[in-house]
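The values are calculated or read from the model by the stated rules, or taken from the named source; none is laboratory data. What you see is a predicted model; the values in this text were computed from it and never measured. Cβ placement follows ideal geometry from the backbone for every residue including glycine, while neighbour counts extend to all protein chains displayed. Each accessible area value is taken on the protein alone, full model and side chains, heavy atoms only, with ligands, DNA and RNA left out. Shrake-Rupley method; radii C 1.70, N 1.55, O 1.52, S 1.80 Å.
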2 protein chains.
Amino acid sequence: MKHITLAHGAGGAVMQGLIKDKMLKYLDHRSDIQIPLSALDDSAVIDDIAFTIDSHTIKPLFFPGGDIGSLSVSGTINDISVMGARPIALSSAFVIEEGFLLKDLEKILGSMQKTSVQADVPIITGDTKVVEHGAIDKMVITTSAIGKRTELLEENIREVKKYRELNERWIRDSNLKEGDKIIVSGTIGDHGISLLSFRGGYGFESEVKSDVAPLNRMIGEAMKVGGIVSMKDPTRGGLSNTLNELSEKSDVGILIKEEKIKVKEAVRSACEMLGMDALEIGNEGKAVIGVVFEKAEEVLDALRKTKEGKDAEIIGVATNKIKGVAMETIVGGKRIVEAPMGDPVPRIC
Amino acid sequence: MKHITLAHGAGGAVMQGLIKDKMLKYLDHRSDIQIPLSALDDSAVIDDIAFTIDSHTIKPLFFPGGDIGSLSVSGTINDISVMGARPIALSSAFVIEEGFLLKDLEKILGSMQKTSVQADVPIITGDTKVVEHGAIDKMVITTSAIGKRTELLEENIREVKKYRELNERWIRDSNLKEGDKIIVSGTIGDHGISLLSFRGGYGFESEVKSDVAPLNRMIGEAMKVGGIVSMKDPTRGGLSNTLNELSEKSDVGILIKEEKIKVKEAVRSACEMLGMDALEIGNEGKAVIGVVFEKAEEVLDALRKTKEGKDAEIIGVATNKIKGVAMETIVGGKRIVEAPMGDPVPRIC
């Protein structure tokens, strides 16, 4: 392939290829990083500081349940939080198209403020660039965040070690082992379908609200229980992609039960109509959490007591009996859950 | 004004207005940050971690002396370095237009690698988004960086305090006081003119090379001498804007001498032809350094021994005798140096 295609940015197998073949080849040149780029985890870690960045190119900028402002703040907070770190600060860089309405900018800034206050993570630095009409589709917001180790993380790790070995100081994608339970913190597919439904032209009317939310408080409650080994937010490529990443990095199979995966009726019917798989649709307010099985029920209870985790469910288990990810279907039998080649819904984050 | 204009992103007075009236109103809501967003310094500081972000929207992507890759890595390293901090890690987020040539991407990644290795600051995390043709003008790269306090910074501050009071632990824009000398680390205007000349259509042929470079090593050499109070890299809005920012934040006048400001002949003639002021043209490999006068000559010597600082010069002094920034011209007399309304050359960083 000589050109970049949409699939290169779609969070699936093609994007993994670009990152592994090109990005890592050039950018991953030092071996003394605690969690380096090559780990392809939600955040990197250096000198005990978690660090992450995401550009947001969503279309439309405003959608049911949020906008590019709440999304860019939430997504970055979540990438730090799923490492078990406490997000302490955000930076945000705006690229704005000439002619953008000031009142829309203020609306977006208001959302950022609200989300930042809600999560108690301040935006402490930024950048603003304006480009001529046509040089960008309205706006790109890039947010970066830093996070720190906390006593909560230490305590969580100690709790894991009561039940099994763990040779790691952070909550990493590669920590999953046979027997660990897999929790999803709520319904899936809401965000991607919300954006799609609002774009119009798809012929469905039901308004699905995006789940976009900062998850640091919910994750904090789960970590108070302890026993969490792996965590990820299933954004691009959805639950399918996230489970496959966990399985691959931890070198363990994952078996899930379809009946345990919650999908809102409106999302389910939109997916049926569009021929999409809800498991592959991106989410912006959910966490996939691997927990030692002795603590799974307790973590589930703690999650369900939070606003963001009220629909949490144990959906499966890590097992050496299979390779990759498989699902026991409602109708009976098993099917393989493959990582999607790309996200079926472009520009959702 | 109801719409965003190019001037809102041009680094001058209009952009300062947008940032102060809108960005700070919404985003600057916590009072416990060491160096908050409202300081509008080159980096923020929280928990002794320096933190900065910049989106790069340059046109063209490749120019004499560098490309968007070397620029995005250098610029962010410099924003940390001018706080007196040591940059320890970078993150980079790509937004790429569908159809972008893979070989161009590899060339840019190669530049990022080279600059990162040269500066010894690793890129440890990233993000890649691809948008459909027409949704972005080729590529935006956003880089963020974190930096730490070092013994070198402590020692530099102690050296300042031998000569005068300083109630601050970082090298800040607001630290300048009467009598401090102002050093510029080399020729000005190279970067902006380089991009302009390469864009074509401007009717001049001389190839000016951009000065784009990571300055952390040069700044390290200067800090070994000590006595540095303020530092800034004069990017958008050029030297004029930087001096005005220093003057305003430190509440002290700055008097500079035109004869001490080095401008390459090719830059000077390009500026004359285009009716531009070299003082307002952006730079990407220069630092403006305020030093207690007792250490100024020594810092100058140290700078001149480095590759990036070989043309360094003391260009002026902070003084209470004037308000704002003024310049003694070569032909005689003084003129006021105002902050430009915007950058005369758009999309140079």
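For this structure, a couple of remarks:
- Between A:I228, B:I256, B:I182, the Cα set farthest toward the positive side of the dipole of the protein assembly as shown (charges on each charged residue's Cβ, about the Cα centre) is that of A:I228.
- J(HN,Hα) series, the stretch B:327-333, from Karplus relation 6.51 cos²θ - 1.76 cosθ + 1.60, nearest Hz, glycine and proline x: 10, 7, 7, 5, 6, x, x
- Selection from B:G84, B:T125, B:L152 lying farthest towards where the dipole of the stretch B:72-196 points positive, charges on Cβ: B:L152
- Dipole in debye (nearest 20) - the protein assembly as shown, about Cα centre, beta carbon charges: Lys, Arg +1; Asp, Glu -1: 300 debye
- Label-to-label distances for A:E155 across copies, nearest first, come out at 4.2 nm, using points 7 Å from Cα in the beta-carbon direction.
- Among the DSSP helices (H) of chain A, none spans at least 24 angstrom by Cα along its long axis with an average Kyte-Doolittle hydropathy of 0.5 or more; this is a geometric and hydropathy rule only.
- A label point on A:H3, set 7 Å along the Cα-to-Cβ line, lies at 3.0 nm from each of its counterparts in the other copies, closest listed first.
- The Cβ shell under 9 Å around A:I330 holds other residues with a net charge of -2, Lys and Arg each +1, Asp and Glu each -1.
- Dividing the summed helix terms, -39500 (n - 2.57) for each DSSP H run of n ≥ 4, by the number of residues in chain B produces a 222 nm estimate of -9000 deg cm²/dmol to the nearest 500.
- Of the peptides A:11-19, A:44-52, the order by per-residue mean of other Cβ atoms within 10 Å, starting with the highest, comes out as A:44-52, A:11-19.
- The residues of chain B expose, per residue, 36 Å² of accessible area to a 1.4 Å probe.
- The residue list A:P340, A:S116, A:Y163 was ranked by how far each Cα lies along the charge dipole of the protein assembly as shown toward its positive end, using unit charges on Cβ atoms, and A:Y163 comes out on top.
- Alpha carbon centroid spacing (whole Å) that separates the stretch B:318-335 from the stretch A:108-168: 45 Å
- Partners of A:K177 within straight-line reach, counting lysines whose Cα lies under 17 Å from its Cα and excluding those fewer than 8 residues away in the same chain: A:K161, A:K162, A:K232, A:K249, A:K295, A:K321, A:K323.
- Per-residue packing, averaged as other Cβ atoms within 10 Å, sorts the ranges B:191-199, B:116-124 into the order B:191-199, B:116-124, beginning with the highest.
- Inter-copy label distances at B:L101, shortest first and taken from points set 7 Å along Cα to Cβ: 4.0 nm.
- With the highest mean first, a sort of the peptides A:144-152, A:210-218, B:329-337 on other beta-carbon atoms found within 10 angstrom per residue produces A:210-218, A:144-152, B:329-337.
- Each Lys and Arg adds +1 at its Cβ and each Asp and Glu adds -1 at its Cβ; summed about the Cα centre, chain B shows a dipole of about 280 debye.
- Estimated inter-spin distance, B:E294 and B:R169, nm [label 7 Å along Cα→Cβ]: 2.4 nm
- Calculated from the alpha-carbon coordinates, chain A shows an Rg and a Dmax of 19.3, 59 Å respectively.
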